[in-house]
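For reference, the structure discussed in these notes is given below.
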Amino acid sequence: MATATSDDTTRLMTREYRAARRLARLFRIERAGGLARRPPEIAKRLVARRGRLVDELARLEAQRRALAPWTIVELDLAMGALAREVDSAERWCLGRLAELGDELARRRGAGGTTGLRDGAAGQLLGHG
């Protein structure tokens, strides 16, 4: 009976390890601009897949912890890599939001005068 529990735990850890690696890869793809280069429908499917992987990873972790509180080195490394990818993705998103905010402010005419603009669209016509 102890072997079945050990086998179950090992299988869960392997599935958890693979899910963490796939999830980290999806975050890395997004951070590298991979979603923006894909058709919108594909990008939506990848984002949905990422959400399903987050749910699966949480479920697998809960199941594994119920069987055994310990982990294998590979799982610890995969979870560490996932945490770094999430942190990097968060920093990238915050930077991108700041860029978009700056661009929006420029288009609305905020800030100092930077050149001649078309009044209707805010299109830069030239520098004075």
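The values are calculated or read from the model by the stated rules, or taken from the named source; none is laboratory data. All figures in this text were calculated on a predicted structure; none of them were measured in a lab. With ideal geometry, Cβ positions are generated from the backbone for all residues, glycine too; neighbour counts draw on all protein chains shown. Just so you know, the surface numbers come from the protein's heavy atoms only, side chains and all, with ligands and any DNA or RNA stripped out. Shrake-Rupley method; radii C 1.70, N 1.55, O 1.52, S 1.80 Å.
Just a yes or no: is a residue in the range 31-46 touching a residue at least 40 places away in the same chain (Cβ under 8 Å) and open to solvent by 30 Å² or more (accessible area, probe 1.4 Å)? Within the range 31-46, one or more residues are touching a residue at least 40 places away in the same chain (Cβ under 8 Å) and open to solvent by 30 Å² or more (accessible area, probe 1.4 Å).
In the set Leu53, Leu57, only one residue is at pLDDT 90 or above, touching an Asp or Glu at 6+ places or on another chain (Cβ under 7 Å) and hydrophobic (A, V, I, L, M, F, W, C); that residue is Leu57.
Scanning the range 57-94 for residues that are in contact with a Ser or Thr (Cβ under 9 Å, 6 or more places away or on another chain), of a type outside the set (A, V, I, L, M, F, W, C) and open to solvent by less than 60 Å² (accessible area, probe 1.4 Å) yields one hit, Arg64.
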